[in-house]
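The values are calculated or read from the model by the stated rules, or taken from the named source; none is laboratory data. Since the model is a prediction, treat every value here as computed from it, not as a measurement. Don't worry about glycine lacking a Cβ; one is built from the backbone with ideal geometry, like all the others, and counts go over all protein chains shown. When the accessible area is computed, the model is the full protein with side chains, heavy atoms only, and any ligands, DNA or RNA have been set aside. Shrake-Rupley method; radii C 1.70, N 1.55, O 1.52, S 1.80 Å.
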Amino acid sequence: MPHQRLIRRTLAVFLAMAATAAVVGCSHPSSSSSSSRVSLRLGYLTRITHAPALVGITDGLFTRQLGPKVNLATQPFSQGTEEVTALLSGQLDAAYIGPNPVFNAWQRSGGKAIKIVSGAASGGTSMVVKPGINSAQDLRGKTVADPALGGTQDVSLRDWLAKNGLNTNTQGGGDVSIKPTTPESAIVQQFVSNQIDGAIDSAPFDVQLIKAGGVRLWSDPNTITVLVVRQEFQAAHPDVVAALLRAQVEANDKIVRDPAGAAQSANTALSHALGKGLEPDVLTASFQETTFTNDPGMASLRDQVAKAVAIGLLKPLDINGLFDQIPLNAVLVASGQPQVAA
């Protein structure tokens, strides 16, 4: 009899488990529902023009806004072109990235891979040269560097030279030789050792070039960093994207409200990613030359597309629809801030 009672109890438990499994199997919860966890893989570059990402990581803004049911994995990159590869191959879900790599991703995917969901920063980029170089013509026959062929700084530099009557090509020839150089710390080293006569780069590297004896020839005020998400991820997890945007807005709010504290948070993130932070004067100057904004600046982006097309680094491209402003504006309205236009 005890054995029969055990069999009956075991059978009852089994039937209860089977019924529960049937209920679960017949339901179709979204991947963002309360019964499942979502993984968000977020990329960023290790430079001050990506400070919203750096601040968000150090201060826990992303993890707090995303909540316990989202597994956040952040990944530092050295170039936006590497981020594009990761986005298009499905290895990243979202990324802080420069405009020209975004244009390439938009074009290569036929407008189906990613969307800009927020701005992050503008400016923070300068052409720094050796003393005695006072104009574009003074660079004729000289060598200058930038972070990557087809990158945002590369397009800006080639456009500026072309408008000043100087030819370049992607092989490093022409009136001015352009030398894409990675890692960007090597640009500073080559400048110090007189292997190059100047470079265009973004904070903190342009500031380090000036500290090494360089002179700022001109600055680029255009959009330098935006936040993008894969369209597939956004469609599946709009609530996660909204939480990511709340953290982005919160990070920029801190940068405006407490620039010194934000700078220290950004430097902490750089220290963790690179093993070393920035010197205090470089850190301060980098923040001062950069404008942090949630507006991606569509006029600036269209201007940058036109430049890339004009110098032959991008085929004609329509970026209408690239920026989905609806989720960001919902966050901005909820926080009492003005909306941005597409």
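Would you please list the contacts, defined by Cβ atoms under 6 Å and residues six or more apart or on different chains, that run from a residue in the range 177-188 that is in contact (Cβ under 8 Å) with a residue 12 or more places away in the chain to a residue that is in a helix (DSSP H, G or I) and open to solvent by 20 Å² or more (accessible area, probe 1.4 Å)?
Pairs found: E184/F205; V188/Q208.
Just wondering, is there one or more residues in the range 289-305 that are of a type in the set (A, V, I, L, M, F, W, C), surrounded by fewer than 18 Cβ atoms within 10 Å (Cβ to Cβ) and without any contact (Cβ under 8 Å) to a residue 12 or more places away in the chain?
yes
Give the residues of the range 192-228 that are in a strand (DSSP E or B), out of contact with any Pro (no Cβ under 6 Å at 6 or more places or on another chain) and more than 16 Å from T152 (Cβ to Cβ), sorted by residue number.
Correct list: G198, R216, L217.
What are the pairs, 6+ residues apart or on separate chains, where a residue within the range 272-287 that is at pLDDT 95 or above has its Cβ under 9 Å from a residue that is among the acidic types (D, E)?
Within 9 Å, the pairs are S286/D206.
Looking at A260, is it open to solvent by 60 Å² or more (accessible area, probe 1.4 Å), of a type in the set (A, V, I, L, M), assigned by the TED database to the domain that holds P99 and farther than 19 Å from V70 by Cβ? Full working, then the answer.
On the way: open to solvent by 60 Å² or more (accessible area, probe 1.4 Å): yes; of a type in the set (A, V, I, L, M): yes; assigned by the TED database to the domain that holds P99: yes; farther than 19 Å from V70 by Cβ: yes.
For A260, the condition - open to solvent by 60 Å² or more (accessible area, probe 1.4 Å), of a type in the set (A, V, I, L, M), assigned by the TED database to the domain that holds P99 and farther than 19 Å from V70 by Cβ - is met.
Restricting to the range 79-122, name every residue that is among the hydroxyl-bearing types (S, T, Y) and either surrounded by 18 or more Cβ atoms within 10 Å (Cβ to Cβ) or assigned by the TED database to the domain that holds P204 (or both).
T81, Y96, S118, S122
Quick grid of which residues meet (1) closer than 28 Å to S89 by Cα; (2) small (G, A, S); (3) in contact (Cβ under 8 Å) with a residue 60 or more places away in the chain:
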residue: S202; (1), (2), (3): yes, yes, yes
residue: A212; (1), (2), (3): no, yes, no
residue: R216; (1), (2), (3): no, no, yes
residue: S219; (1), (2), (3): no, yes, yes
residue: T223; (1), (2), (3): yes, no, yes
residue: V226; (1), (2), (3): yes, no, yes
residue: Q231; (1), (2), (3): yes, no, yes
residue: A236; (1), (2), (3): yes, yes, yes
residue: D239; (1), (2), (3): yes, no, yes
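Please identify the pairs in which a residue from the range 44-69 that is touching a residue at least 12 places away in the same chain (Cβ under 8 Å) and buried (at least 24 other Cβ atoms within 10 Å of the Cβ) has its Cβ atom under 9 Å from the Cβ atom of a residue that is in a loop (DSSP other than H, G, I, E, B) and acidic (D, E), counting only partners at least 6 apart or on another chain.
R47/E184; I48/E289
Select from the range 59-96 the residues that are in a strand (DSSP E or B) and out of contact with any helix residue (DSSP H, G or I) (no Cβ under 9 Å at 6 or more places or on another chain) and write down the one among them that is farthest from G43 (Cα to Cα).
Going through the qualifying residues, I end up with N71.
So in the range 222-241, with the set limited to residues that are farther than 14 Å from L42 by Cβ and under 17 Å from the mean Cα position of the chain (by Cα), which one is most open to solvent (accessible area, probe 1.4 Å)?
Top of the filtered list is Q231.
Quick one: is I311 in contact with a Lys or Arg (Cβ under 7 Å, 6 or more places away or on another chain) and closer than 17 Å to A105 by Cα? Write out each step before concluding.
Numbers: in contact with a Lys or Arg (Cβ under 7 Å, 6 or more places away or on another chain): yes; closer than 17 Å to A105 by Cα: no.
Spelling it out, it is not the case that I311 is in contact with a Lys or Arg (Cβ under 7 Å, 6 or more places away or on another chain) and closer than 17 Å to A105 by Cα.
For residues that are touching a helix residue (DSSP H, G or I) at 6+ places or on another chain (Cβ under 7 Å) and among the charged types (D, E, K, R), scanning just the range 242-253, find the one that is surrounded by the most Cβ atoms within 10 Å (Cβ to Cβ).
Within the range 242-253, the match that is surrounded by the most Cβ atoms within 10 Å (Cβ to Cβ) is R246.
Please determine whether any residue of the range 307-318 is touching a Pro at 6+ places or on another chain (Cβ under 8 Å) and either assigned by the TED database to the domain that holds K163 or under 30 Å from T168 (Cβ atoms) (or both).
The answer is yes, given that some residue of the range 307-318 is touching a Pro at 6+ places or on another chain (Cβ under 8 Å) and either assigned by the TED database to the domain that holds K163 or under 30 Å from T168 (Cβ atoms) (or both).
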